[in-house]
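Peer 1: Sharing a structure with you now.
The values are calculated or read from the model by the stated rules, or taken from the named source; none is laboratory data. Computed from a predicted model, the values in this text were never measured in an experiment. Cβ: placed from backbone, ideal geometry, glycine included. Neighbour counts: every protein chain shown. For accessibility, only protein heavy atoms count, side chains too; no ligands or nucleic acids. Shrake-Rupley method; radii C 1.70, N 1.55, O 1.52, S 1.80 Å.
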Amino acid sequence: MAASTAAAGAAASDSQGPASPVQSMDGPTVQYSSVLEHLIGDKRTVKELNPAVMGGLPVPPKSDEQKMIERGMESCAFKSLLACVGGFVLGGAFGVFTAGIDTNVGFDPKDPLRTPTAREVLKDMGQRGMSYAKNFAIVGAMFSCTECIIESHRGVSDWKNAVYSGCVTGGAIGFRAGLKAGVLGCGGFAAFSAAIEYYLR
């Protein structure tokens, strides 16, 4: 009698033991697609990245004056003016340098045997430096202005803008001496601009 009772208890325990996993499997399951929707799908919650919380310095919003200054600095007029000033300074320095290494500076072609004075040499160097400065300033302003206009029109910032701008600038400068000079100037400036862009990029 006791043996039959023990056998019945063991059978009951065996029947309840494997049944518990089956009941747990019948419970609610988490679908993988639902998890993805909450992680990278449409149900994902977008949190605002606060620099102060992330450990960085907070960036204050820009005022209207700052936005106006940024628009002015990005305008074609400002870029042309900056290139004009830079070309003037660079051209003046280049003119003075070339005048300094030229042995004929200050000499009078009517009296080549006369030794020029220091004032005459400095005057000749100043005139050459001013001439180079004006030419460099005009070329720099034309190149920068045309490049900015072409870039704004195309909406792309690449090497082609410099090539097109070099062709326009060289053609406009050379066209004063004729059509052939304009074509050569366009090709020469375009090739030089392409070489500079290739080297810089």
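Peer 1: Taking the criterion of being among the charged types (D, E, K, R), assigned to a helix (DSSP H, G or I) and at pLDDT 85 or above, would at least one residue in region 24-41 satisfy it?
Peer 2: For region 24-41, residues among the charged types (D, E, K, R), assigned to a helix (DSSP H, G or I) and at pLDDT 85 or above: absent.
Peer 1: Now a separate question. Quick check on region 115-129. Is at least one of its residues over 30 Å from Met73 (Cβ atoms), touching an Asp or Glu at 6+ places or on another chain (Cβ under 9 Å) and free of Cβ contacts under 8 Å to residues at least 12 places away in the same chain?
Peer 2: yes
Peer 1: Which count do you get for residues in region 117-135 that are over 10 Å from Gly95 (Cα atoms) and of a type outside the set (D, E, K, R)?
Peer 2: Selection size over region 117-135: 5.
Peer 1: If you don't mind, another one. Out of the residues in region 145-162 that are open to solvent by less than 70 Å² (accessible area, probe 1.4 Å) and out of contact with any Phe, Trp or Tyr (no Cβ under 9 Å at 6 or more places or on another chain), which is nearest to Leu81 (Cα to Cα)?
Peer 2: Cys145
Peer 1: Would a scan of region 56-69 turn up a residue that is at pLDDT 70 or above, surrounded by 10 or more Cβ atoms within 10 Å (Cβ to Cβ) and within 30 Å of Ala133 (Cβ to Cβ)?
Peer 2: yes
Peer 1: Name the one entry in Gly170, Gly182 that is closer than 19 Å to Cys84 by Cα, open to solvent by less than 40 Å² (accessible area, probe 1.4 Å), in a helix (DSSP H, G or I) and free of Cβ contacts under 8 Å to residues at least 24 places away in the same chain.
Peer 2: Gly170
Peer 1: Anything in region 82-111 that is loosely packed, with under 15 Cβ neighbours inside 10 Å and either polar (S, T, N, Q) or within 24 Å of the chain's Cα centre (by Cα) (or both)? List them, or say none.
Peer 2: Here is the first cut: in region 82-111, the ones loosely packed, with under 15 Cβ neighbours inside 10 Å are 82, 85, 89, 93, 97-98, 100-104, 108-111.
Hits for region 82-111 are Leu82, Val85, Thr98, Thr103, Asn104.
Peer 1: While we're on this one: Could you check region 185-201 and list, in sequence order, the residues that are assigned to a helix (DSSP H, G or I), loosely packed, with under 15 Cβ neighbours inside 10 Å and of a type outside the set (Phe, Trp, Tyr)?
Peer 2: Those that are assigned to a helix (DSSP H, G or I), loosely packed, with under 15 Cβ neighbours inside 10 Å and of a type outside the set (Phe, Trp, Tyr): Ala191, Ala195, Ile196, Leu200.
Peer 1: Enumerate the pairs (first residue in region 186-200 and closer than 14 Å to Glu147 by Cα; second residue anywhere and in a helix (DSSP H, G or I) and open to solvent by 60 Å² or more (accessible area, probe 1.4 Å)) with beta-carbon separation below 7 Å, excluding pairs fewer than 6 apart on the same chain, so at least 6 apart or on different chains.
Peer 2: Listed by first residue and then by second, the contacts come to Ala194/Trp159; Glu197/Trp159.
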